[in-house]
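**Q** Pasting a structure below so you can have a look.
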Amino acid sequence: MRLRRSWILVLAIVPLAAAANFPRFVNWRRVSEQPIISPVGNGWESAGTFNPAVIVRDHKFVMLYRAQDANGTSRLGY
């Protein structure tokens, strides 16, 4: 198998000292039975959406995830 492209993803990790200022996430509950992300349309997210990861940055939720098109090409969603 030959790779067409190579991607390097660098994620910043919050230092442990800064994590002490984040609200404690306890008592998680599902808000809806609907998935947060799912395949859609005929474009780059059409075949699948995978591996979401969420962080809080500047008081906003930021999510990165992998998506795949009908040809099997994976891309990162933000």
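**Q** Within the stretch 26-50, how many residues are open to solvent by 90 Å² or more (accessible area, probe 1.4 Å) and modelled with pLDDT under 90?
**A** The number of residues fulfilling the criteria is 9.
**Q** Out of everything in the stretch 51-71 that is at pLDDT 95 or above and in a loop (DSSP other than H, G, I, E, B), what residue ends up being farthest from PRO35 (Cα to Cα)?
**A** ASN71
**Q** Starting from the stretch 41-66, keep only residues that are at positive phi, then list their pairs with residues that are among the hydroxyl-bearing types (Ser, Thr, Tyr) and in a strand (DSSP E or B) whose Cβ atoms are within a distance under 8 Å, requiring at least 6 positions of separation or different chains.
**A** Cβ pairs passing all conditions: ASN51/TYR65.
The values are calculated or read from the model by the stated rules, or taken from the named source; none is laboratory data. Because the structure is predicted, anything quoted here is derived from the model rather than measured. Cβ: placed from backbone, ideal geometry, glycine included. Neighbour counts: every protein chain shown. To get the accessible areas, we keep the full protein, side chains included, count just its heavy atoms, and leave off ligands, DNA and RNA. Shrake-Rupley method; radii C 1.70, N 1.55, O 1.52, S 1.80 Å.
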